[in-house]
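Undergrad: Quick one: structure below, then a few questions.
The values are calculated or read from the model by the stated rules, or taken from the named source; none is laboratory data. For clarity, every value in this text was computed on a predicted model and none was experimentally measured. Here the Cβ positions follow ideal geometry from the backbone for every residue, glycine too, while neighbour counts run over all protein chains shown.
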C-alpha cells in the first residue's frame with residue numbers, strides 16, 4: 001500500500017520534473033532548431049540552386065555553385081588570407097598570453113591588479129577597438145598616434161591600412177586582436193599554472209635543474225598540456241570567425257579592398273551585399289564549414305584532446 | 001525558491017506580451033490621409049532638415065496614409081533583403097539592380113512618366129530603364145567632381161589640370177610634408193572612381209549594345225597612370241573622414257579632393273571663394289572629361305499589397321509636385337533636380353562653382369549602366385585596387401576582368 005503510493009508519487013514527481021525540464025530547456029531547444037538548424041539546412045539546400053535575390057529558388061543547378069566558388073580566385077584568396085592569419089595569430093597569442101601568465105604568476109604583490117589590467121581588454125567590443133585602432137592609433141594622417149611617434153624621428157607618415165607594400169595593414173589587424181584576446185587566454189594559463197604541484201619544482205631544484213628555460217621546458221609546459229590544447233583549439237576557432245575587426249578596419253561605403261579578406265567577409269559581400277547571390281554564398285559557406293570541420297577534427301586527433309595533464 | 005522562479009517566468013511572459021503589443025510598425029502616425037497604409041523608406045541623408053521635409057511631403061498626401069522610415073546603415077543591403085519578404089516597404093528610394101528587375105521584384109513605372117519623360121535628365125533616367133521600361137523615378141541628380149584649393153595651386157604655381165597627366169604632375173607638386181596633393185578616398189580611389197577613368201579615356205564600362213566597354217589597350221594605359229599617384233606619395237590615405245565628406249579638404253589635409261556636389265555648401269561656408277571644381281580630366285586623344293552622375297529613384301516593390309496606391313503616390317510626389325522636388329534637391333543638401341525644367345530655373349545653380357558643376361554634368365555626365373552588375377563591379381574594383389596600390393600589371397588585371405564581365409553580361413542577357 002505504502003509502496004504503491006510511493007511509486008505513484010515518484011511517477012508524478014518525474015512527470016513534473018520532465019515538465020519543468022521542457023519549460024526551461026524547450027524555448028532554447030526550439031530557438032536553436034529554428035534559428036540554427038533550419039537556416040543551416042536551408043542554406044545547404046540553397047547551395048544547389050541558382051538563388052539570386054530569392055530564398056525560395058526553383059532553378060536547380062547541381063554542383064555549379066560549388067564549381068563557381070572553388071574556381072573564384074577571390075574565394076581561394078580568402079582561404080589563403082585566413083590560413084596566413086591563423087598561422088600568425090595563434091602562435092603569437094599563445095606566446096604572448098603564456099608570457100603574461102608566467103610574469104603575473106611570479107608577481108608577489110598586486111597580482112590581482114595586474115591580472116585585471118591584462119584581462120580588461122577582453123571586455124571591449126571588437127567593433128569599438130577596431131574603430132579606435134583605425135581612427136586614432138593607426139590613422140593615416142600625420143596626427144595619428146603611430147605617425148606622431150614616427151614624426152619624432154623625422155619619418156614620413158605611413159597610411160597604415162592602405163599600404164600593401166609592405167603590408168602594414170596586417171600590423172593593425174594583428175595588434176588589435178592580440179590586445180583584445182591575450183588577457184583572456186592569460187587567465188586560462190594562470191589557472192593552469194596554479195594547478196601545478198610546487199613539489200615538482202622543488203624536486204627539480206633538488207635534482208639540479210636550472211631555473212628558467214630548463215624548468216619551463218621540462219616541468220611547466222608539459223604540465224600545461226591540457227590547458228594548451230584548449231587554448232589552441234579556441235584560438236583556431238576564433239580565427240575562423242574573424243570578421244568584426246577586418247570589416248570595421250578595412251571596409252568603406254564602396255566595398256572592401258582585395259587584400260586581407262577572410263572567408264566570412266567574402267561571403268558577406270557575395271550573399272548579403274547588393275549581389276544577393278545566395279546560391280554561391282551558401283556553397284561557399286558549406287565549403288568553409290567542411291574546412292572548419294576537417295581542421296578541428298584533425299587538430300583534436302593530433303593534439304589527442306581529452307588527455308589530462310598527468311598523462312602528458 | 002520554486003515560487004520565485006515561477007513568478008519570474010510569469011513576469012517574463014507578461015513582458016513578452018507587452019513587447020508584442022508595443023511593436024513598432026512605424027505606421028499610424030495619425031497625420032494625414034485616409035485610404036491604404038503605405039510605408040516609404042529613405043536612406044539616412046546627412047543634411048539637417050531632409051528627414052523632416054520628406055515626412056512633411058508624406059503627411060500632405062491625402063489619398064493614402066504614408067509613413068516614412070528613415071534607415072541608417074547599409075541601406076542598399078537592407079532594401080535588397082526586404083524585397084525578399086512580404087514585410088518590406090511599399091515604396092523605397094533606391095537603384096534597382098538588373099537582377100531585381102529581371103526577378104520581378106520591382107514594379108514597372110513607365111506609365112507614371114507619360115508626357116514628362118523628356119523633361120527628366122537622361123543621364124539618370126537611363127540607368128533606371130531596362131527593355132524600354134522604367135523601373136524607378138529619378139529623384140535628384142548626384143554628381144561627383146574634383147574640388148581644388150585655388151590659393152594652394154597658385155602658391156605652387158600649378159594650373160588647374162586639364163588632362164590626367166597634368167593631374168598626376170600637379171598632385172606631386174602640391175604634396176608637401178603637411179599637405180597631400182590629392183584625396184581620392186581612403187582606399188586610394190579604387191572604390192569611388194570606378195569607371196570614371198575609363199570614360200575619361202573615351203571608353204565605357206558596358207557599351208550600349210551590351211558588350212564590354214573597356215576591352216582596349218587605352219584602358220590599361222589610363223589605369224596605369226593612377227598607380228603613379230600612389231607611387232609618388234601624392235595621395236592622402238587614412239584620413240579621418242572618407243571622400244564623401246569634405247573635411248579633409250577644408251581642414252587643409254589635401255589640396256585637391258574628389259567629392260560630391262552635396263559637399264559644396266559646406267566647402268563654400270568654410271573656404272569662401274578659395275576653391276573651384278573640375279571634372280575628372282581626360283586622358284589620351286580620344287578622351288573627354290568625365291563626371292559620374294547617379295541618383296536614387298523612387299521604386300515600388302512588386303510585393304506591395306497596395307501596388308496601385310503606391311504608384312499613384314510616387315506619381316504625385318516625384319512627378320506632379322515639382323515644388324517638393326525642388327525643395328528636396330536644393331533646400332537641404334545640394335543636388336541638381338532631375339527635372340531639366342527645374343534645374344534650369346534654380347537660382348542657386350546659376351553662379352560660381354555650382355554653375356560650373358551643372359555645366360560639367362550636362363556636357364560630360366555619365367551614369368553606371370544597369371548591365372554593370374555587382375559581380376562585375378567587384379571584379380573590376382578589386383583589379384583597380386591592385387593596380388593603384390599594388391602596382392599590378394594593368395593589362396593582365398584587365399584581361400581577367402574582361403573575362404568575368406563578359407560572363408556576367410552573357411548571364412544577364414540569357415535571362416527572360
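Undergrad: In the range A:99-129, which residues are more than 14 Å from every other protein chain (Cβ to nearest Cβ) and closer than 30 Å to residue B:182 by Cα?
TA: Start the filter on the range A:99-129 by keeping residues that are more than 14 Å from every other protein chain (Cβ to nearest Cβ), which leaves A:99-126, A:128-129.
Scanning the range A:99-129 gives A:128, A:129.
Undergrad: Do we have residue B:202 as within 24 Å of the chain's Cα centre (by Cα), crowded, with 23+ Cβ neighbours inside 10 Å and assigned by TED's automatic domain parsing to the domain that holds residue B:265 here? Walk me through how you get there before you give the answer.
TA: Numbers: within 24 Å of the chain's Cα centre (by Cα): yes; crowded, with 23+ Cβ neighbours inside 10 Å: no; assigned by TED's automatic domain parsing to the domain that holds residue B:265: yes.
Taking the combined requirement at face value, the residue does not satisfy it.
Undergrad: Still on this model: For the range A:179-289, which helices (runs of 4 or more DSSP H) that fit wholly inside it have 1 or more residues that are crowded, with 16+ Cβ neighbours inside 10 Å, in contact (Cβ under 8 Å) with a residue 12 or more places away in the chain and more than 22 Å from the chain's Cα centre (by Cα)?
TA: Once the helices (runs of 4 or more DSSP H) in the range A:179-289 are filtered for at least 1 residues that are crowded, with 16+ Cβ neighbours inside 10 Å, in contact (Cβ under 8 Å) with a residue 12 or more places away in the chain and more than 22 Å from the chain's Cα centre (by Cα), what remains is A:198-206.
Undergrad: When you look at residue B:93, is it in contact with a strand residue (DSSP E or B) (Cβ under 6 Å, 6 or more places away or on another chain), free of Cβ contacts under 8 Å to residues at least 24 places away in the same chain and either outside any helix (DSSP H, G or I) or under 22 Å from residue B:260 (Cβ atoms) (or both), yes or no?
TA: Values: in contact with a strand residue (DSSP E or B) (Cβ under 6 Å, 6 or more places away or on another chain): yes; free of Cβ contacts under 8 Å to residues at least 24 places away in the same chain: no; either outside any helix (DSSP H, G or I) or under 22 Å from residue B:260 (Cβ atoms) (or both): yes.
It is false that residue B:93 is in contact with a strand residue (DSSP E or B) (Cβ under 6 Å, 6 or more places away or on another chain), free of Cβ contacts under 8 Å to residues at least 24 places away in the same chain and either outside any helix (DSSP H, G or I) or under 22 Å from residue B:260 (Cβ atoms) (or both).
Undergrad: Can you tell me how many residues in the range B:71-90 are more than 25 Å from residue B:369 (Cβ to Cβ) and in contact with a strand residue (DSSP E or B) (Cβ under 6 Å, 6 or more places away or on another chain)?
TA: 4
Undergrad: Residue B:363 versus (1) touching a helix residue (DSSP H, G or I) at 6+ places or on another chain (Cβ under 9 Å); (2) assigned to a helix (DSSP H, G or I); (3) more than 13 Å from every other protein chain (Cβ to nearest Cβ); (4) closer than 23 Å to residue B:143 by Cβ: which is the lone unmet condition?
TA: So residue B:363 meets the others, but not (1).
Undergrad: Follow-up. Looking at (1) crowded, with 21+ Cβ neighbours inside 10 Å; (2) in a helix (DSSP H, G or I), find the lone condition where residue B:155 falls short.
TA: Of everything listed in (1) crowded, with 21+ Cβ neighbours inside 10 Å; (2) in a helix (DSSP H, G or I), residue B:155 misses just condition (1).
Undergrad: Say we look at the range A:148-173 and pick out the residues that are farther than 21 Å from residue B:189 by Cβ and outside any loop (DSSP other than H, G, I, E, B); which of these is nearest to the other protein chains (Cβ to nearest Cβ)?
TA: A:151
Undergrad: Of all residues in the range B:175-216 being within 14 Å of chain A (Cβ to nearest Cβ) and in a helix (DSSP H, G or I), which is nearest to residue B:233 (Cα to Cα)?
TA: Among residues in the range B:175-216 that are within 14 Å of chain A (Cβ to nearest Cβ) and in a helix (DSSP H, G or I), the one nearest to residue B:233 (Cα to Cα) is B:190.
Undergrad: Still on this model: Regarding residue A:132, is this residue closer than 30 Å to residue A:156 by Cα and surrounded by fewer than 18 Cβ atoms within 10 Å (Cβ to Cβ)?
TA: When the stated conditions are applied, residue A:132 passes them.
Undergrad: Kindly indicate whether residue B:26 is modelled with pLDDT of 80 or more and either not in a strand (DSSP E or B) or not assigned by TED's automatic domain parsing to the domain that holds residue B:301 (or both).
TA: Details: modelled with pLDDT of 80 or more: no; either not in a strand (DSSP E or B) or not assigned by TED's automatic domain parsing to the domain that holds residue B:301 (or both): yes.
Against the criterion (modelled with pLDDT of 80 or more and either not in a strand (DSSP E or B) or not assigned by TED's automatic domain parsing to the domain that holds residue B:301 (or both)), residue B:26 does not qualify.
Undergrad: Please state which one of B:221, B:288, B:228 is more than 14 Å from chain A (Cβ to nearest Cβ), under 17 Å from residue B:180 (Cβ atoms) and surrounded by fewer than 21 Cβ atoms within 10 Å (Cβ to Cβ).
TA: Numbers: B:221 fails: under 17 Å from residue B:180 (Cβ atoms); B:288 fails: under 17 Å from residue B:180 (Cβ atoms).
The conditions single out B:228.
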